[in-house]
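The values are calculated or read from the model by the stated rules, or taken from the named source; none is laboratory data. Keep in mind that what you see is a predicted model, and the values were worked out from it rather than measured. A quick note on method: Cβ atoms are made from the backbone with ideal geometry, for glycine too, and the neighbour counts reach across all protein chains shown.
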Amino acid sequence: MATPANTTQSISLPKIDLRMLHIRLIGDSPLICHAWSDKAKKMMLDKQMKKAKAAKEAKDPEQDFRDSLYHLPGGRFGFPVVAFKAAAVSACRFSDGMKMTEARGAFHIGAEMAEIHGEPTPREDMVRVGMGTADIRYRGEFKKWHVDLAIRYNAGAMSAEQIVNLFNIAGFGVGVGEWRPEKDGSYGMFHVASEGEA
């Protein structure tokens, strides 16, 4: 028998056990930044809009270095938190019983950028672009660095211990930034700070 349209049905929803976890990630190898510069974004947009190409500008190593960094107000520097979450989710491949699809919805990191504590220095690298053409890239790197992350997680889906473990595995096997372990490099490695390091 169908329920009459004017009948009110009570729905009971189980409460989600949301908790906060604060961790510090300490760099074990230099972090190489490569933010999209305004010039690079304009070039891509111009290409998509079929605009005529302008003459190639002379390289400015100092400007390229500055443009590669993620700038925060007050002269500070940051790094996208999505990179740290992606690293932790990717680390599920190295952790028994953890699924990447489940980890994606089990925790979230607050803010868009995490402040990088450290001093950036310029670096020069030979790279291959396009059809194997050699080029020189000038980017910023943080030789010594750490970040503090505020993580909101569903305790019913994942424990704080599991999250910390994922970040530790991510720091060793995945990394963040350019030339990280996930991309056959050894940069951007980190570990979760112990009580003595925090």
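So which residues in segment 123-176 are over 20 Å from F107 (Cα atoms) and without any contact (Cβ under 8 Å) to a residue 12 or more places away in the chain? Selection gives M126, V127, R128, V129, G130, M131, G132, T133, A134, D135. Looking only at segment 72-88, filter to residues that are under 15 Å from the mean Cα position of the chain (by Cα) and part of a strand (DSSP E or B); which one of those is surrounded by the fewest Cβ atoms within 10 Å (Cβ to Cβ)? Across segment 72-88, the extreme among qualifying residues is P80. Identification of strands (runs of 3 or more DSSP E) wholly contained in segment 99-185 with 3 or more residues that are surrounded by 15 or more Cβ atoms within 10 Å (Cβ to Cβ) and touching a Leu at 6+ places or on another chain (Cβ under 9 Å) yields 113-115, 133-142, 146-154. Entry remark, segment 87-115: residues being touching a Phe, Trp or Tyr at 6+ places or on another chain (Cβ under 9 Å) and of a type in the set (K, R) number 0 in total.
Cβ-Cβ contacts under 6 Å between residues 6 or more apart (or on different chains), taken from a first residue in segment 65-93 that is among the basic types (K, R) to a second residue that is at pLDDT 95 or above, are listed as R76/E115; K85/I109.
Total residues in segment 186-198 satisfying the condition of being in contact (Cβ under 8 Å) with a residue 60 or more places away in the chain, part of a loop (DSSP other than H, G, I, E, B) and not charged (D, E, K, R): the figure is 6.
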